[in-house]
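*Asks:* Let me begin by handing over the structure; questions about it come next.
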Ligand SMILES: Nc1ncnc2c1ncn2[C@@H]1O[C@H](COP(=O)(O)OP(=O)(O)OP(=O)(O)O)[C@@H](O)[C@H]1O
């Protein structure tokens with residue numbers, strides 16, 4: 001579905017990505033872990049078109065998308081959320097859900113049904129008329145997550161979706177993610193919450209200093225000596 005080949009990107013003297021290769025198959029949940037500054041966000045920015053890679057290519061459903069504009073990647077079905085929340089803070093939860101979806105020209109009824117159902121999944125229905133800025137950071141992150149689902153992307157890239165969560169919200173996120181995955185969504189998730197990412201991912205990719213250290217079975221990757229050292233070192 002999505003394939004990254006020999007992707008490299010540098011900023012001045014910093015090699016943020018070095019020959020990164022991986023593949024995402026339909027309905028997989030890929031977890032990406034790595035220490036701070038290891039290149040995780042750069043990888044997502046390069047896949048979605050914010051950064052142009054120095055080298056390498058990105059393929060989506062057998063189409064080379066390395067050089068196509070950001071909006072076209074979104075139109076093809078690649079959605080995302082950001083590490084820094086990008087909600088319309090003064091608009092209500094409900095307005096936040098509906099506004100991005102307007103571009104899809106779905107019927108108002110369909111959009112409203114979808115928004116209601118998603119809000120229900122993450123237990124935010126009671127806050128639908130509240131301004132987004134009045135929600136806790138964790139609630140805002142859940143809102144950004146389900147808002148991304150309104151765009152009907154086939155694959156959604158999530159950048160630290162549980163950062164700032166109250167511990168009792170993690171399960172809501174996990175349950176929602178798994179439910180959306182059961183319905184056909186594919187996910188790539190950058191996450192520092194190791195227990196959460198271990199629980200949901202079908203494959204784990206560990207990166208350090210811009211390179212893939214190891215990828216594969218989450219248990220094996222997590223307990224690998226090189227991965228443990230990269231985190232602790
Ligand atoms: N726009 C930029 N300009 C210059 N350097 C950058 C830029 N973006 C990232 N970097 C550098 O590239 C490296 C990788 O950064 P990146 O944000 O991708 O790491 P990360 O793994 O997402 O980190 P974190 O877990 O802290 O979010 C870091 O050394 C960072 O300082």
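The values are calculated or read from the model by the stated rules, or taken from the named source; none is laboratory data. All values derive from a computational prediction rather than experimental measurement. Every residue, glycine as well, gets a Cβ built from its backbone with ideal geometry; the counts of neighbours run over all protein chains shown.
*Asks:* Please work out if residue 109 is surrounded by fewer than 19 Cβ atoms within 10 Å (Cβ to Cβ) and assigned to a helix (DSSP H, G or I).
*Replies:* yes
*Asks:* Here is a further query. Of the conditions (1) at pLDDT below 95; (2) within 30 Å of residue 195 (Cα to Cα), residue 71 clears all except one; give me its number.
*Replies:* Of (1) at pLDDT below 95; (2) within 30 Å of residue 195 (Cα to Cα), only one is false for residue 71: (2).
Yes/no matrix, rows are residues, columns are (1) farther than 21 Å from residue 44 by Cβ; (2) modelled with pLDDT of 95 or more; (3) crowded, with 17+ Cβ neighbours inside 10 Å; (4) within 16 Å of the chain's Cα centre (by Cα):
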{"site": "185", "(1), (2), (3), (4)": "no, yes, yes, yes"}
{"site": "191", "(1), (2), (3), (4)": "no, no, yes, yes"}
{"site": "194", "(1), (2), (3), (4)": "no, no, no, yes"}
{"site": "198", "(1), (2), (3), (4)": "no, no, no, yes"}
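*Asks:* Would you check if there is a residue in segment 129-136 being part of a helix (DSSP H, G or I) and surrounded by fewer than 21 Cβ atoms within 10 Å (Cβ to Cβ)?
*Replies:* yes
*Asks:* Could you count how many residues in segment 51-62 are within 19 Å of residue 187 (Cα to Cα) and surrounded by fewer than 18 Cβ atoms within 10 Å (Cβ to Cβ)?
*Replies:* Qualifying residue count for the region: 3.
*Asks:* Also, quick follow-up: If a residue counts only when it is in contact with a strand residue (DSSP E or B) (Cβ under 8 Å, 6 or more places away or on another chain), at positive phi and away from the ligand (no atom under 16 Å from the Cβ), which strands (runs of 3 or more DSSP E) contained entirely in segment 1-90 have at least 1 such residues?
*Replies:* By residue number, 2-11.
*Asks:* Taking only pairs six or more apart or across chains, which ones have beta-carbon atoms under 9 Å, a first residue in segment 85-108 that is in contact (Cβ under 8 Å) with a residue 60 or more places away in the chain, and a second residue that is exposed (fewer than 15 other Cβ atoms within 10 Å of the Cβ)?
*Replies:* The qualifying pairs are 87/133.
*Asks:* To continue, here is another question. Read through the list (1) touching a helix residue (DSSP H, G or I) at 6+ places or on another chain (Cβ under 6 Å); (2) closer than 25 Å to residue 213 by Cβ; (3) away from the ligand (no atom under 16 Å from the Cβ), then give the number of the only condition that residue 93 fails.
*Replies:* Here residue 93 meets the rest and fails (2).
*Asks:* Yes or no: residue 70 farther than 21 Å from residue 215 by Cα, free of Cβ contacts under 8 Å to residues at least 40 places away in the same chain and within 17 Å of the chain's Cα centre (by Cα)?
*Replies:* In short, yes.
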